[in-house]
1. From the set of residues in the stretch 137-155 that are touching a Ser or Thr at 6+ places or on another chain (Cβ under 9 Å), at pLDDT below 95 and not charged (D, E, K, R), which is farthest from Leu95 (Cα to Cα)?
2. Suppose we keep only residues that are of a type in the set (A, V, I, L, M) and modelled with pLDDT under 70 within the stretch 19-72. Which one would you say is nearest to Thr119 (Cα to Cα)?
3. Of the residues Leu149, Leu153, Leu109, Leu113, which is within 16 Å of Asp85 (Cα to Cα) and in contact with a helix residue (DSSP H, G or I) (Cβ under 6 Å, 6 or more places away or on another chain)?
4. For the stretch 121-143, does any single residue satisfy the condition of being in contact (Cβ under 8 Å) with a residue 40 or more places away in the chain and in contact with a helix residue (DSSP H, G or I) (Cβ under 6 Å, 6 or more places away or on another chain)?
5. Specify which of the listed residues (Ala68, Ala78) is outside the structural domain of Phe19 (by TED's automatic domain parsing), without any contact (Cβ under 8 Å) to a residue 24 or more places away in the chain and more than 17 Å from His146 (Cα to Cα).
6. Do you know which residues across the stretch 110-126 are surrounded by fewer than 20 Cβ atoms within 10 Å (Cβ to Cβ) and in a strand (DSSP E or B)?
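The values are calculated or read from the model by the stated rules, or taken from the named source; none is laboratory data. This one's a predicted model, so the numbers in the text were calculated from it and none came from an experiment. Don't worry about glycine lacking a Cβ; one is built from the backbone with ideal geometry, like all the others, and counts go over all protein chains shown.
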Amino acid sequence: MEEKTPIKIYLTGAGGNVFVCSRCGLRKELDAKRIELARKGARIRCKCGEVYQLELRRCYRKEARLPARYKVEGKALAGDVLIEDISMSGVSFRLISEPKFKAGDILKLAFCLDDPKKTEIKVEAEVRHIAGNKVGAEFTDLYYHHKDLGFYLMP
């Protein structure tokens, strides 16, 4: 029997991490041991058989497909990217080829949310990690767009 892809559960590491099974409704508070296992991408199986993957994050991360433009601060380097996921703390995006910038560089990102208002976001982000053509960056000045992004991320 083929095992289906597990559903991700995002944990903050703070108190109140309650697991609710989407299939049977079972509620269970996850203890510190389970939260620590989330750092390693652990999976849990509900009594009903549904499988969930634990993932430890500070903020909820929403999958997206948002075209964006970047410019590296202090350099004549710019280009297009595709934002693949976004949260209140940062973004993950792909480039067509490996980036010419490095971890620690500050990027100016410009993109429109796919909300009804097509809200334009212009923000600075620090490159945190690079794996091939995939980049993770943390917002450094989200102040002006905090409310817009918060509404966008609501389930």
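1. My answer is Phe151.
2. Only one residue fits best here, namely Leu56.
3. Leu113
4. No, because not a single residue in the stretch 121-143 is in contact (Cβ under 8 Å) with a residue 40 or more places away in the chain and in contact with a helix residue (DSSP H, G or I) (Cβ under 6 Å, 6 or more places away or on another chain).
5. Ala78
6. Across the stretch 110-126, the qualifying residues are Ala110, Cys112, Glu120, Lys122, Glu124, Glu126.
Conditions (1) in the same structural domain as Phe19 (by TED's automatic domain parsing); (2) under 30 Å from Val18 (Cα atoms); (3) touching a residue at least 12 places away in the same chain (Cβ under 8 Å); (4) of a type in the set (Val, Ile, Thr), marked per residue:
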| residue | (1), (2), (3), (4) |
| --- | --- |
| Leu82 | no, no, yes, no |
| Cys112 | no, no, yes, no |
| Thr119 | no, no, yes, yes |
| His146 | no, yes, yes, no |
